[in-house]
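To start, the structure itself, in structure tokens.
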Amino acid sequence: MTLVPTLARFSVRQRLTVTIALLTSLALVAVGLTLYVLESQRIDRSIETSLTQEIGEFRTLQEQDDPDTRQPFSSADRLLQVFLERNLPDANEQLFAFPSTGTPTYQGEPDPALQRSTAFPALVDDLSATGGSRTLHVAGTEYRVAVLPITAGTESAAFVVVHDVSGTRSDLHELMTTYALLAALSVIAIAGVASWIAGRLLRPVRRLRETAQGISDGDLGGRIEVTGHDDLSDLQRTFNDMLDRLESAFVAQRQLLDDAGHELRTPLTVLQGHLEVLDLDDPEDVASTRALLLDEIERMTRLVNDLLMLAKAERPDFVRLQPTDVEALTHGAIDRARALADRGWVLDAVARATLPLDGQRLTQALLQLSANAARHTRPGDEIGIGSRLHEGRLELWVRDTGTGVDPALAPAVFERFARGDDSDEGFGLGLSIVAAIAEAHHGTVTLDAAPADGATAGATFRIRLDPGAATS
């Protein structure tokens, strides 16, 4: 079993806590090992320095006179006696005198295990000729032994310095034991703090999960309360924005289905009714029914195309922004509009600028407004199209001198299937399409308020766009 599948069974909080605990443990172990190695090397150097110092002091005394006779030392045994009387060994150290005859004597704390050992005298005897230092192990204790041979006349003796390495390192072992305990407590404390911090940091993720779990099909009303200004807060805001877009898409989908079902029901009923009563033996009835059905099918095709257009308006690629010459766009719109009806077409004004726009969609919007104006005017009436830059925004408009819009209908004129009057043969989707195109450009479309005195007839529809917002 690998480590990754094993960790996958734990929560993110637990995995973060375990990872931090492991990394902390590895760091503390590395520090502990480094400390142990460096301290061990320092202790070894200190022991060698101590042995060398004792040997050096003995040699210094060897070059001096006997304090009692004021003459050079008469024997090696006398030299050893004077040195042991004058010097005290360091901690974990013993000074031995192996005389030419007799029992060895020592200065320092007694060490029965060393004194009873047969390996110790044998090592001294082995080095008594050449001198030097060696490591000796007795009863699980490590010693460092330095031997200095002494010759005076026919007498041969030996000065021996013994250092208890294990005793010196016992302080290091105690230190490392204390370090290990403190390191273990530190890991536990760090793991606890890491778990608490991870819990707080991951709280937005838990709220996100709970919100996602609480969302049922078609019900996207749940939102996360955003607190803070970090990356997780940005994730919460992004999630809320995604829910807004999904909810808007679901609403648009339901509205499309409701609208399509409502508007298609009547022409489908007409088709079914005429087909049921159609007399196949009557050529005149067949011809008239065929003409009527083709007309209804054409109306349904127009309706479906308009509904699909409104459905596409919810997609991010509904408009494709690119540098567009507003003057050319305005001229192109009025040139195309002249073919709609016999009216007095007027170019009111043009904005001379190049802005990031979807020229095809805006041309479609202007033609839709122009067609709407043509339906509510008569031959000889005037329809004006224009554009301008006003207060940092682009304005496009279509105005007419027709009958105008009933003030009672003005608030709902951009809603789907809203008709100016019963004689309007359209579906009431044209202005909704214009509004969708404006909103896709992060703009608006409005109907100018009619004068209070009613002196001027007609209507003016105005599209206001902020090119900077459209590119952000």
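Quick look at the numbers
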quantity: Residue identified as buried (at least 17 other Cβ atoms within 10 Å of the Cβ) and at pLDDT below 75 among G454, G468, G420, G458; calculated: G420
quantity: Matching option when the condition is within 19 Å of Y143 (Cβ to Cβ) and surrounded by 12 or more Cβ atoms within 10 Å (Cβ to Cβ), among P72, P99, P104; calculated: P104
quantity: Residue that is nearest to L88 (Cα to Cα) [pool: residues in segment 53-66 that are among the polar types (S, T, N, Q) and free of Cβ contacts under 8 Å to residues at least 40 places away in the same chain]; calculated: Q53
quantity: Answer residue from segment 290-329, given it is at pLDDT 80 or above, of a type outside the set (A, V, I, L, M, F, W, C) and not in a loop (DSSP other than H, G, I, E, B) and is surrounded by the most Cβ atoms within 10 Å (Cβ to Cβ) among those; calculated: T324
quantity: Unique match (being over 30 Å from R209 (Cα atoms), in a helix (DSSP H, G or I) and either in the same structural domain as T151 (by TED's automatic domain parsing) or basic (K, R) (or both)) among T49, T19, T101, T130; calculated: T49
quantity: Out of A146, A158, sole residue that is surrounded by 17 or more Cβ atoms within 10 Å (Cβ to Cβ), touching a Pro at 6+ places or on another chain (Cβ under 8 Å) and modelled with pLDDT of 90 or more; calculated: A158
quantity: Cβ pairs under 8 Å, 6+ apart, first in segment 328-341 and in the same structural domain as L355 (by TED's automatic domain parsing), second buried (at least 17 other Cβ atoms within 10 Å of the Cβ) and part of a loop (DSSP other than H, G, I, E, B); calculated: T330/V350; T330/A351; H331/V350; A341/T377
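The values are calculated or read from the model by the stated rules, or taken from the named source; none is laboratory data. Keep in mind that this is a model prediction, so the values were computed, not measured. Heads up, the Cβs are rebuilt from the backbone with ideal geometry, glycines too, and the neighbour counts pull from every protein chain shown.
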